[in-house]
1. Can you pull a Stokes-Einstein diffusion coefficient for region 3-67 at 25 °C (0.890 mPa s), Rh from Kirkwood over Cα pairs, as a whole number of µm²/s?
2. Give the calculated FRET efficiency between ALA19 and LEU68 to the nearest 0.05, with a Förster radius of 25 Å applied to their Cβ-Cβ distance.
3. Are there any GluC sites (Glu not before Pro) in the chain that are in a DSSP loop and have at most 15 other Cβ atoms within 10 Å? List them by number.
Amino acid sequence: MNQSEDNEQWKSILLLVGAGIGAVLGAGAAYLYTRQLEETGAERKLAPTDAMRIGSAIVALLRQIADLAS
């Protein structure tokens, strides 16, 4: 195995691990959200301001992760 193959292999592994972590976190977030709705009996409604706040937090998290490489 040469250096180029090693380089591609760790990238593939990192992408798969990242995708797995993202899937688990997303499923966990959905579970917590639905459980909270069931417990409180609240209406299923996500306000645009809440969606923007969540989106901003996700972008900030992704920037922090990208900065780990530097």
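1. Values: Rh = 14.6 Å.
My calculation gives 168 µm²/s for D.
2. Numbers: r = 17 Å, r/R0 = 0.69.
Between ALA19 and LEU68 the formula returns 0.90.
3. Details: sites: GLU5, GLU8, GLU38, GLU39, GLU43; in loops: GLU43.
Those satisfying the criteria are GLU43.
Each value in this text was obtained by applying a stated rule to the coordinates, not by laboratory testing. It should be emphasised that the depicted structure is a prediction, and the values quoted were computed from it without experimental measurement. Heads up, the Cβs are rebuilt from the backbone with ideal geometry, glycines too, and the neighbour counts pull from every protein chain shown.
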